[in-house]
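Comments concern the structure below.
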Amino acid sequence: MPTPSIPPTSAQAPTDGLRPLRYVLRTPLLLLHLLFSLPLTLALINPITRRLHVFGERIDHIAIRWWSLGLMRIFGFRVLRFGQPHRGGALMVANHVSWIDIELVHSQCAVGFVAKSEISRWPLIGWLARRGGTIYHQRGSNESLHGVMHQMMERLQAGLPVGVFPEGGTTDGQTVRTFHARIFQPAVAARVPVQPVALRYGSAGSAQMQVAFAEGESFMGNFLRLLGDPSRIAEVHFLAVIDTHEEGRRKLAESARSAIQAAMTS
């Protein structure tokens, strides 16, 4: 992945004359998406639609996927998918750049993510994530971690995909930090494969730092900034699955990280 230049400071940053126009165009679309598409999506997430399938896909999963794809388009992202998400129980592991990573993955397949408990308090996104099956983890709490691991294994054994960000937090987008091996244990215990997922923003990943949280930037600050940013590509690469029968959790973490790193630099 080419190394993008560091964004200039606010005092040096060139004026983006089109940013106000983008807000004028995108804000009404975002409001319409929330006022009309969101209630319909939530109505389609219920116990009945979980049992109904269209072309082999659950109706509630289709609703989540289409709502997320619409949100990505409103924010100016043109989503490109490479590879196919694994069908059935699998642990999907991805590099972590920003809050929009979850929406990018959800635009292609519905996955129950494991996320930090702070996200549950984010406006709108936290509430939507709960409805979409997010498993929240209180960082630093062994009791919370034990409960998360148990929920992950239950879902994987039930044939449902679970998504995690093994780096343990967002990055500047340029590097893939060491993956925490412990989060791979439920996949080993449930005997399901691991699928690495590489997320890139901009042509060949050139906008990683622009999408990532700036130093000290809040969720709302990042949300509003991305809403006014220029349109760009968002790539999601579903890479070859790794069989957990042959590797322990530490080796799985290393193999998954290596696969994502390779995809980021291709």
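The table for this structure:
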item	result
Only one of F184, F179, F223 that is touching a residue at least 24 places away in the same chain (Cβ under 8 Å), in a helix (DSSP H, G or I) and surrounded by 21 or more Cβ atoms within 10 Å (Cβ to Cβ)	F184
Matching entry among V211, V194 (being modelled with pLDDT of 95 or more, under 15 Å from G112 (Cα atoms) and surrounded by 17 or more Cβ atoms within 10 Å (Cβ to Cβ))	V194
Some residue of region 119-134 being in a loop (DSSP other than H, G, I, E, B), at pLDDT below 80 and within 25 Å of L252 (Cα to Cα)	yes
Test: L226 is among the hydrophobic types (A, V, I, L, M, F, W, C) and within 18 Å of the chain's Cα centre (by Cα)	yes
Residue count for region 200-220, restricted to those that are outside any helix (DSSP H, G or I), polar (S, T, N, Q) and within 20 Å of V176 (Cβ to Cβ)	1
Subset of region 19-72 [of a type in the set (K, R) and either buried (at least 16 other Cβ atoms within 10 Å of the Cβ) or over 22 Å from the mean Cα position of the chain (by Cα) (or both)]	R19, R22, R26, R51, R58, R65
Selected residue (only one of G89, G112, G70, G83 is touching a Leu at 6+ places or on another chain (Cβ under 8 Å) and farther than 23 Å from M153 by Cα)	G83
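The values are calculated or read from the model by the stated rules, or taken from the named source; none is laboratory data. Being a predicted model, the structure only gives us computed values, none of them experimental. Counting neighbours? That spans all protein chains shown, and the Cβs are built from the backbone with ideal geometry, glycine included.
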